[in-house]
1. Name the residues whose placed amide hydrogens come within less than 5 Å of the amide hydrogen of ILE23, ignoring near sequence neighbours (fewer than 5 apart) on the same chain.
2. Whose amide H sits under 5 Å from the amide H of TYR62, counting only residues 5 or more places off or on another chain, with H placed in the peptide plane?
Amino acid sequence: MEGRPGEIVFTTDEGKEVTFLVIETTRLSGVDYLLVSTTDGDEEEALILKDISKDTDVEAVYNIVDDDMEMNMASEIFNELLDDIDLI
C-alpha cells in the first residue's frame, strides 16, 4: 500500500492498481475498520474494510467486510460519525 494520506492503493491479483479514498476510520472491539470509496469509471463504490494484519506483517492486510452482522455494526458506527450520509 502506498499513496497520499487519506488514500490506500491495492494491487489486484491481475496487477491492476486500485486507489481507495479513506473516508473514515474506527476501532470496534480492538479491530480497525476503514470506510473507503473508489471511483471506477462512472461508478463510485463504498466499502468497509477490516484490518486483519498480524504483528509480523510488514504491510497492513485488509478484508472487505461481508458478514451481515459485522457490516451492520460497522455501518451504524460510521453513520454516527458521518451523520449526513446513509450507508445502509
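Computed from the coordinates by the stated procedures, all read-outs in this text should not be read as laboratory data. What you see is a predicted model; the values in this text were computed from it and never measured.
1. LEU35, VAL36, SER37
2. ILE52
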